[in-house]
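Report on the structure given below.
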Amino acid sequence: MLHSVAVGVAAEFDRPIACSTSSAPTKNAPNVHAGAARAAPADVAEPAAEYSANGVRVNAIAPGPVYTPTPSGPEFITALGETTPMHRVSQPEEIAEVVAFLASPRASYITDTTVAADGGRRAI
């Protein structure tokens, strides 16, 4: 089924791209999405290899903490931002810029890649 979807997407759009997102855990700040984040690079490799010839680019984005409303309150989000070397959370628009770039013609040769938009969190 994935094959028919990928080929259909490639036929309908000039620059199709499939994106997956996950949180990026660190050794100092693991989270509930750790399994998904670690799986993301492996998850894009197989479909990227299989569908690239059809014009489908498969990439993942591993964002760090993003400022969004949460029942835990803004203090919780701010504290998460302190776990990054940049000492802040990203704005949703910053992650959207990564998605826009990967979907753009400027990224036409990028596939099988996980972009860490995490404020340097993977470095710690």
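The Cβ shell under 14 Å around Ala117 holds other residues with a net charge of -1, Lys and Arg each +1, Asp and Glu each -1.
Which net charge results when you count Lys and Arg as +1 and Asp and Glu as -1 among the other residues whose beta-carbon is under 10 Å from that of Ala60? Result for the neighbourhood of Ala60: -2. Using 0.36 nm per residue and subtracting the Cα-Cα separation, the extra length available between Ala53 and Val99 on full extension is 14.4 nm. Protection proxy ranking of 114-124, 62-72, by the mean of other Cβ atoms within 10 Å over each peptide's residues and highest first, is 114-124, 62-72.
Across segment 100-113, rounded Karplus estimates of 3J(HN,Hα) from the backbone phi angles (6.51 cos²θ - 1.76 cosθ + 1.60, θ = phi - 60°) give 4, 4, 4, 7, 8, x, 5, 10, 4, 10, 9, 8, 6, 10 Hz, Gly and Pro being marked x. Enumerate the residues in segment 103-124 having an amide nitrogen under 16 Å from the point lying 7 Å beyond the Cα of Ser72 toward its Cβ. Hits in segment 103-124 for Ser72 at 16 Å: none.
Taken together, the values in this text are just the output of simple stated rules run on the coordinates, not laboratory data. All values reported here derive from a predicted model rather than from experimental measurement. Don't worry about glycine lacking a Cβ; one is built from the backbone with ideal geometry, like all the others, and counts go over all protein chains shown.
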